[in-house]
Structure formats: structure tokens, C-alpha cells
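Some notes on the structure that comes next.
Every number here is computed from the coordinates shown, using simple stated rules; none is lab data. Fair warning: this is a prediction, and the values are worked out from it, not measured in the lab. Cβ placement follows ideal geometry from the backbone for every residue including glycine, while neighbour counts extend to all protein chains displayed.
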Amino acid sequence: MTTTITRGIAFLIASMALALSAQAAEQPVTGGTLNVALGSDTPIIDPSITGYSVTALVTRSVVDSLVGQAEDNRFTPWLAESWTVTPDHTEYRFQLRKDVTFSDGTRLDAAAVKYNFERILDPKTTSSYAKSLLGPISAITTPDDYTVVIQYKTPFAPLLQGLSLPYLGIQSPTYLKKTANTSNSVVGSGPFILKSFIKGSGSQLTRRADYHWGPGYAHHTGPAYLDAINFRYLPESSVRLGALTSGQVQLIDAIPPASARSVQSNPQLQILTRENPGVNRVLYLNTAKAPFSDLRVRQAFQSAIDATTAVKVAFFGTLKAADNVLGPQTLYYDPSIAKTWGFNLEKANQLLDADGWKRNANGIREKQGQTLKVVFAYSPDDAQSADITLFQAIQFQVKKAGFDLQLDPLDAGVLADRTTKNNYDIVSNFYVRAEPDILRTVFSSAYIPPKGANYSRVTTLDDKLNQAIGAPDAERKVLYQQLQHQIIDQAYAVPIYIPAWQSGAAKRLHGIGWATNAKPTFYDAWLSH
């Protein structure tokens, strides 16, 4: 009897110990270095002067924003503790926190915010994406040390969403004023300090011990849990995966699609996936020069691509083919567009036949002594290996319609020069933003290279794009639906796939956060032992 009671008590104590141990394991642990391997690189780390997603990923931990946007699209306080917006969206008034400093000791105040935004608006800064997020500002005023007022002559509804992104993160004005070239450094007020950035290598971040002003959607206050974060550029997918499985890194992006199942079956690993909002991975067709100045040629090219098959081949079913220029997670995405276009090789051939393009002995079409050659210029540093496989699959597909698609891999700087000089036929990228105003960034005539990312060089959408940024919600929805239809109907771009943050992670990594740009945030992240 005594033995039975003793065993029962011992079992109860052991069970309680296990429960307490499990409970303790769920509590965040302070310390440790998170090692992250990335499959793509960025040539510039200053988020004010680039639209690269890697820049946003790294600097989200270094720069804070006026407002935060949670994964459920709520806007939350951050550097601004409160704000008011006029009903017509022509004036935004922000009340700043009074306890924030940059990592160089500079106080964050209204003058600092004003300096940051005026720097972005200054043409000398060559800030295209961040500038587009701010919109057509007419004035920035500072009634007192901690109040910032942004005014517009015409309504501008998307500002809060743009302000929540790291591209409009606030940097130290002291640092900015004394640094002629900010391509390789950033000084912000965030939970981490950028220790180093080396293009082609990676970035090192260290924790800021006195940080205590995180976004309203965060799960804790005070300093970050991690001591440091190291981002490493490992372009080879097999090398990234090997680094994860061997424990050298705890997180990788762009998980090799062919390896997704093996990662899922590994008891030490997990897959983290978030589908991106914004502009899908698309091919922009240059409408400013032949052959894509011809609508029928653009429509034929669009019809010759079987995106569903190409994406399945390249990504082993881990990503979805796109049916629209905008992703489903984007405000005002129109699902009806999927029925208006798609792979139709017969249609492609009919369009080209009607346009006078005849096949030569090699199956490539010719017209008036010119072959139907189109050059697809891209930077390998800004593409996954699966993307290259995808591009090659598309090259094979369109040849069946008689297109001679030439893949032209270029250094990022050379690609920028080529797009500036209008020396390309196709460029591809994607943009992550939950706000449909992202269409203005990539289709407004104000952003034709070198001023921005309108690689299709479209000039016909300006009226609707400008009207939509200030219209009431119901009217905005109609305008953006019309824009989506027009982009597809006119074949200004060919949607290919819906981008997603697909990463492999060690199960000992906890607390990863997600904002509406579908990128992980690391303020709440921690590593168990």
C-alpha cells in the first residue's frame, strides 16, 4: 500500500515536472544569434533609395516606422503614438513619442521625420519606390517638436500603408547629413543596429539594449530577445539547405522546391509560408519599342505562356500560378480576371498570322526581314535558381508560337543602365504591398526608367491611377478593378506566379512575426536551447 502511494506521488511529481518544463520551454529565452541564409542579394541597404525586398527584410529590424500594420491589416502605433486623418485624405497629423532616440544618440523628433521625408522627395536622392509611397505631398510642417503634419492638394488615401513599410522607415538625420553615400549603411531607431553590410556577402545586426518602443502589434516590450542576427547571402539552394540541416543557420528563404518534402519530414525543421500581397511575379512587356509596341504581338506572347505548367515544373507545386497582375492577398484583387485570359497557343498563332509574321525554316517568325526576337534582361542576384528554371521553361513554350526569346542575365548595375536606355524587351520582378496603389509604382508614366519601375513604359493608365489614390473606398475598388482588367487586356504584363515567403526553419526558432508584406519580423523572435 505504501509502495503504491509512493509510486503514485512520484508519478505525479514527475508529471508536474514535465508540465512545468514544457511550460518553461514556451517562455522566450534572451540571447543567442540567429543565422539567416538568403537566396537573393541587394546592392543597396538604404531602404529609402531601393525597392529590393532583401533590403526591407534586413532593415525592418534597424529602422522603425511612424505606424505599424499588423498581419490582419490593423494600423497600430509605433513612432507615432496617435494620428488623425481628414475625411478627404488631404491632411495627416501625427503625434510622436517623446522617448525615442536613434542608435547614434540623436533624438527622434518632428524635425527628424520631416528631414527624412524631404530627403526622399528630393530628386537628388534618386528615391523612386519610397517616393511613390509618399505620393504627391504638397507640404510637411512641424507645429511643435513632436507633431508632424503631411498635406496634399489632392486626396491621397494609401499613406498609412506606405508609412508602415521599412522603405519609409525613419533614419538618423545626423547620420544622413554627414554621409554622402548611404548605399552600405543605415542608422535607425530600431531594436537592432546594423553592424555591417557587404554586398554579395550579407549583413550583421546586433541588439540595442535600451530599445523599448516596438510596434503596437508586437507581443512584448523592451529590447529584442536575440543578441544578434546574421544574414548570409548563399545563392545556391543546395548550399542554403545544407546550412540549415547541419545547424549552421536557423532560417533560410527560398527553400528549394524539390526539397520541401524532405524538410517537412525532418523532425528538427519546419516550413514557414506566407503568400505575398502586391504585384505578382510578372513579365513586363516594353510597349515603347518593337515588337511589343504592337498589341497583337503582346497578346500573342501572353497567350503563348502556360504559366501553370511552367510554375509547376520550376517550383514542384510549392507556388501557385498567377491569374492576375495583383495577388489574392491584395486589397481590391479582382478574381474575375482569371476568366479573361490564359494559355491559348492557337490564339497566339492566329494573332501572329493575322499580324503578318511568317515562320522561317527554324520555326521562328519573321516579318519584313526582322525575326520575332525578344530579349529578356534580368539580374541573377535578384532571382532564385527556380526562377531561372522558370524563365527557361517560358523560353521553350513561346518558341512554339514562333518567338525567339533570348535570356540575358546581367549585373544589377548593367540592368539598370539598360532599362534607363530602353534597351530591353522584357523585365521581370514582383512587388510586395497590400495596397493596390502599388500599381501606380509600376504602371504610372511618372515612373518610367530611370525614374522608377514602369518597365512596360505605359502612359495610358495615369488618369485612373491618380484618381484611385484619393477616391472613396467604393470608387477606389471600381477603379482598381478596371485597371487590373486593362493591364491584362492590353497585355502590358504577363502574370506568372504568386510570390510567397517560403522558408525552412529550425524548430528551435520561435516568435517569428509577420506583417502585411509577408516578410518575417524578428523583434519577438527567440531561440530555445
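So for the range 279-498, averaging the separation of alpha carbon pairs under 8 Å that are six or more residues apart and normalising by length, what relative contact order in percent results?
On the way: 411 pairs, mean separation 75.9, N = 220.
Worked out over the range 279-498, it gives 34 percent.
So if R0 is 45 Å, what FRET efficiency would Glu475 and His529 give, r being the distance between their Cβ atoms, rounded to the nearest 0.05?
My answer for the efficiency is 0.25.
Give me the aspartates and glutamates in straight-line cross-link reach of Lys358: C-alpha distance below 12 Å, same-chain residues under 8 apart excluded.
Output for Lys358: Glu366.
Relative to the present Cα-Cα distance, how much length would full extension add between Ser196 and His219 at 0.36 nm per residue of separation?
Once the chain is fully extended between Ser196 and His219, it gains 5.5 nm.
Quote the relative contact order of the range 126-223 in percent (integer), defining contacts as alpha-carbon pairs under 8 Å separated by 6+ residues. Before the final figure, lay out each step's value.
Values: 103 pairs, mean separation 14.7, N = 98.
Computed over the range 126-223, the figure is 15 percent.
With an 8 Å Cα cut-off and a minimum separation of 6 or more residues, compute the relative contact order for the chain in percent. Write out the running numbers ahead of the final one.
Values: 1162 pairs, mean separation 106.8, N = 529.
Relative contact order for the chain comes out at 20 percent.
Stretch Ser185-Asn73 to full length: gain in nm at 0.36 nm per residue minus the Cα-Cα span?
On the way: separation 112, 0.36 × 112 = 40.32 nm, distance 3.00 nm.
Result for the pair: 37.3 nm of gain on full extension.
Using a Förster distance of 22 angstrom, determine the FRET efficiency expected from the C-beta separation of Lys507 and Glu275, and round it to 0.05.
The formula returns an efficiency of 0.50 here.
Given the pairs Lys347/Lys477; Lys153/Lys289; Lys320/Lys367; Lys131/Lys477, which are separated by over 26 angstrom at their Cα positions?
Cα-Cα > 26 Å for Lys347/Lys477; Lys153/Lys289; Lys320/Lys367; rest within.
To the nearest 10 degrees, how steep is helix 473-489 against the longest Cα principal axis of the chain, on a 0 to 90 scale?
Between helix and principal axis, roughly 50 degrees.
Can you pull out the trypsin sites (Lys or Arg not before Pro) in the range 99-194 that DSSP calls coil and that have at most 14 other Cβ atoms within 10 Å? Intermediate values should be presented prior to the final figure.
Details: sites: Arg107, Lys114, Arg119, Lys124, Lys131, Lys153, Lys177, Lys178; in loops: Lys153.
Sparse-neighbourhood loop trypsin sites (Lys or Arg not before Pro): Lys153.
Does anything in the range 135-164 have its amide N under 19 Å from the 7 Å Cα→Cβ label point of Gln482, and if so which residues?
155-158
Any chance you could give the angle, 0 to 90 degrees and rounded to 10, that helix 295-304 forms with the longest Cα principal axis of the chain?
Taking Cα atoms only, the helix is inclined about 60 degrees.
Rg to Rh for the range 226-272: what is it, with Cα atoms only and Rh by Kirkwood?
Reported Rg/Rh, Kirkwood definition of Rh: 0.95.
Can you give me the distance in nm between label points at Asp353 and Lys367, each placed 7 Å from the Cα along the Cα-to-Cβ direction?
Label at Asp353, label at Lys367, 1.6 nm between them.
Seen from all sides and averaged, what is the projected area of the convex hull of the Cα atoms in the chain, in nm²?
28.8 nm²
With a point put 7 Å past each Cα toward its Cβ, work out how far Glu81 is from Asp227 in nm, to one decimal.
That separation, rounded to one decimal, is 3.4 nm.
Lys451 label point, 7 Å along Cα→Cβ, cut-off 16 Å on backbone N: hits in the range 404-432?
Once the point is set 7 Å along Cα→Cβ of Lys451, 420-422 turn out to lie under 16 Å by backbone N, inside the range 404-432.
Given the rule -39500 (n - 2.57) for each run of at least 4 DSSP H residues, summed and divided by the residues of the chain, what is its mean residue ellipticity at 222 nm, to the nearest 500 deg cm²/dmol?
That calculation yields -8500 deg cm²/dmol at 222 nm.
Please express the shape of the range 257-328 as an equivalent ellipsoid: the semi-axes are the square roots of 5 times the eigenvalues of the C-alpha gyration tensor, given largest first in whole angstrom.
34, 13, 9
May I ask for the angle, rounded to the nearest 10°, between helix 385-399 and the longest principal axis of the chain, with both axes built from Cα atoms and the value confined to 0 to 90°?
Taking Cα atoms only, the helix is inclined about 20 degrees.
For the range 189-202, take each phi angle, set θ = phi - 60°, evaluate the Karplus expression 6.51 cos²θ - 1.76 cosθ + 1.60, and give the result in whole Hz per residue in order, putting x for glycine and proline.
Residue by residue, the range 189-202 yields 10, x, x, 10, 10, 6, 7, 7, 9, 10, 4, x, 10, x Hz.
Please list, ordered by chain and number, the residues whose modelled amide H lies under 5 Å from the amide H of Thr50; skip anything fewer than 5 residues away on the same chain.
For Thr50, the qualifying residues are Ala130.
Give, in nm to one decimal, the length gained when the segment between Gln151 and Leu407 is fully stretched (0.36 nm per residue of separation minus the Cα-Cα distance). Can you show the working numbers first?
Details: separation 256, 0.36 × 256 = 92.16 nm, distance 4.51 nm.
Once the chain is fully extended between Gln151 and Leu407, it gains 87.7 nm.
Between Asp99 and Gln467, what is the label-point separation in nm under the 7 Å Cα-to-beta-carbon projection?
4.9 nm
Work through the residues other than Trp357 whose Cβ is under 11 Å from its Cβ and net out their charges, Lys, Arg +1 and Asp, Glu -1.
Spelling it out: positives minus negatives among the neighbours equals +1.
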